[in-house]
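The values are calculated or read from the model by the stated rules, or taken from the named source; none is laboratory data. The structure displayed is predicted, hence computed values, not measured ones. Don't worry about glycine lacking a Cβ; one is built from the backbone with ideal geometry, like all the others, and counts go over all protein chains shown.
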Amino acid sequence: MGLLIKGGEIVTADTRMRGDILIEDEAILGVGPRLAAPPETEVIDATGKLVFPGFIDPHVHIHLPFMSTFAKDTHATASKAALIGGTTTFIEMVCPSRNEDALNGYHIWKERAGGASACDYTFHMAVTHYDARTEAQLREIVADGTTSFKIFLAYKNFFGVTDEELFHTLKLAAELGVITTAHCENAELVGQLQQQLLAEGKTGPEWHEPSRPESVEAEGTGRFATFLETTGATGYVVHLSCAPALRAAVEAKLRGVKIHVESVLPHFLLDKTCAERAGVEGMKYIMSPPLRQERNLAVLWRALQAGIIDTVGTDHCPFDTEQKLLGAKAFTQIPNGIPGIEDRVNLMYTYGVKRGQLDIHRFVDALSTRPAKLFGLFPRKGAIVAGADADLVVYDPDYRGAVSVRTQHVNNNYNAFEGFSIEGRPSVVTVRGKVQVRDGEFVGEPNRGRFLRRTPQYAEAHEEAVYAA
Ligand code: URP
Ligand code: ZN
Ligand code: ZN
């Protein structure tokens, strides 16, 4: 049985029109005014609603062994939460530690997600060391359809790579035509500052930000850019949080470096005073790069509107308050991470589009179309055109509510955005033509999600074709 989404305001990254969307099997069959549908077709009345392409979260952690514990979500809980919030595809970071075998780690992540996700997904493969086996393993992983790498300049001795390893990773990425995403903070400086602060008896969460100041992130961003420039690789800075780091990325872009920028939900809405709250209240807000001084927020919003920041992810990474208290004696032991997979779309719509900080087309672009383009999913995802996967969000702009731990579906006992009002939410969400969500409730197939195989797209000829599209 087909599906007809009728009479909605269809809004994409570059178009807006009132019309219908006809879906057959898993794909969009047609888009236009007053479409005729076969007799058995289910009709969804979208009058008064916006219809967006399914949103893509380009940066999430679900299975994550990190800082002596594990992030709380499973693929089942995270994917349902994602869908309820309008995200129909996520890209998860495969993060084996430095001492683990990369290929083995890749299989562990794939097995955990396989058959367990309600929405579609793909991976960024973290390269956390580079030894004699790494090159062959990465070639195998890319051939399997995972065509983006992740490197950490932070987290020394755990996920972090040396400059030598960074160089080899980027040389291979350039040869294979894959994009490399990067957490850009100088690990050595963070380590030295942490030890200095602890030695001075500064142990609370309020010292997390001073241990990783803006300059440390700017250095990491600039160094990553220099390595991209030298190797010819294409890069993507994840969770960029502050003006000096943005400046480093923009300077690199102006030099012709192939560098893209992501910022994440917490950095648009929260500032460092959250982490200055006493005890566990402050610990809830520990992530890296840290929440920054408030003046950075306006800079990020403007850069997002201008398209200098390409995408908005979440860096979804839930640790509950018991886990956060592992750092009760030293801020360096607080598991880093803030969840957001369920709230990204509604909060960016409310505080971006509704507050006049973000054009609605740029909103769709940054949260759906550009992640699809950058990571080899477009136009299968991120577009409302015939032939695309029928991942659609029928969005109710008249809904009024508030974010709360009491109503969330993420597996955690707090929500960092507690009490934030939302002005709009998905009323229907489809994944490849199947209705998965209605008005805040998951109503679909728990294991509908598929692993999305991609092909490398940063070999010179292919890149030109993508950007011409
Ligand atoms: O604090 C964060 N960001 N936790 C997740 C790991 C990472 O650095 O992305
Ligand atoms: Zn990171
Ligand atoms: Zn992350």
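When you scan the stretch 220-239, how many residues do you find that are more than 20 Å from Tyr458 (Cβ to Cβ) and within 13 Å of ligand 2 (Cβ to nearest atom)? Steps first, answer last, please.
Step one: list which residues in the stretch 220-239 are more than 20 Å from Tyr458 (Cβ to Cβ), which gives 220, 222-223, 239.
Pick out the ones that are also within 13 Å of ligand 2 (Cβ to nearest atom) and you get 220, 239.
Of the residues in the stretch 220-239, 2 are more than 20 Å from Tyr458 (Cβ to Cβ) and within 13 Å of ligand 2 (Cβ to nearest atom).
Screening Ala116 on (1) over 21 Å from Thr455 (Cα atoms); (2) part of a strand (DSSP E or B) shows it passes everything except condition (2). Scanning the stretch 33-83 for residues that are within 16 Å of ligand 3 (Cβ to nearest atom) and among the β-branched types (Val, Ile, Thr) yields Ile56, Val60, Ile62, Thr69. In the set Val405, Val466, only one residue is within 29 Å of Trp109 (Cβ to Cβ), modelled with pLDDT under 95 and of a type outside the set (D, E, K, R); that residue is Val466. Within the set Glu217, Glu185, the sole residue that is touching a Gly at 6+ places or on another chain (Cβ under 6 Å), of a type outside the set (Gly, Ala, Ser), under 30 Å from Pro456 (Cβ atoms) and within 16 Å of ligand 3 (Cβ to nearest atom) turns out to be Glu185. If you filter the stretch 130-160 down to residues that are within 16 Å of ligand 3 (Cβ to nearest atom) and assigned to a loop (DSSP other than H, G, I, E, B), you find that the one that is surrounded by the fewest Cβ atoms within 10 Å (Cβ to Cβ) is Phe158. The residue of the stretch 203-232 that is farthest from Lys258 (Cα to Cα), among those that are touching a Leu at 6+ places or on another chain (Cβ under 9 Å) and hydrophobic (A, V, I, L, M, F, W, C), is Trp207.
When the residues of the stretch 358-382 are filtered to those that are in a helix (DSSP H, G or I) and among the small types (Gly, Ala, Ser), the one that is surrounded by the fewest Cβ atoms within 10 Å (Cβ to Cβ) is Ala372.
Any residue in the stretch 186-202 that is surrounded by 19 or more Cβ atoms within 10 Å (Cβ to Cβ), among the basic types (Lys, Arg) and over 19 Å from His260 (Cα atoms)? Looking through the stretch 186-202, none of the residues is surrounded by 19 or more Cβ atoms within 10 Å (Cβ to Cβ), among the basic types (Lys, Arg) and over 19 Å from His260 (Cα atoms). Among the residues making up the stretch 338-357, those that are part of a loop (DSSP other than H, G, I, E, B) and either without any contact (Cβ under 8 Å) to a residue 12 or more places away in the chain or crowded, with 24+ Cβ neighbours inside 10 Å (or both) are Ile338, Pro339, Gly340, Ile341, Glu342, Asp343, Arg355, Gly356. Looking for something of a type outside the set (S, T, N, Q), under 24 Å from Leu189 (Cβ atoms) and either more than 16 Å from ligand 1 (Cβ to nearest atom) or modelled with pLDDT under 95 (or both) - is there at least one such residue anywhere in the stretch 310-328? No: zero hits. One residue alone among Ala252, Ala298, Ala303, Ala278 is more than 16 Å from ligand 3 (Cβ to nearest atom) and in a loop (DSSP other than H, G, I, E, B), and that residue is Ala278.
The set of residues in the stretch 224-247 being within 16 Å of ligand 3 (Cβ to nearest atom), touching a Lys or Arg at 6+ places or on another chain (Cβ under 8 Å) and not β-branched (Val, Ile, Thr) consists of Gly235, Ser241. For the stretch 161-175, the criterion of being assigned by TED's automatic domain parsing to the domain that holds Asn336, within 16 Å of ligand 2 (Cβ to nearest atom) and surrounded by fewer than 22 Cβ atoms within 10 Å (Cβ to Cβ) is met by none of the residues. Just one of the listed residues (Glu219, Glu165, Glu251, Glu262) is within 16 Å of ligand 1 (Cβ to nearest atom), of a type in the set (Asp, Glu) and in contact (Cβ under 8 Å) with a residue 12 or more places away in the chain, namely Glu262. Inspection of the stretch 78-95 finds a residue satisfying the criterion of being at pLDDT 95 or above and more than 29 Å from Thr407 (Cβ to Cβ).
In this structure, is Ala154 in the same structural domain as Arg277 (by TED's automatic domain parsing), modelled with pLDDT of 95 or more and within 15 Å of ligand 1 (Cβ to nearest atom)? Even if it seems obvious, please write down each step before you answer.
Details: in the same structural domain as Arg277 (by TED's automatic domain parsing): yes; modelled with pLDDT of 95 or more: yes; within 15 Å of ligand 1 (Cβ to nearest atom): yes.
Criteria met by Ala154.
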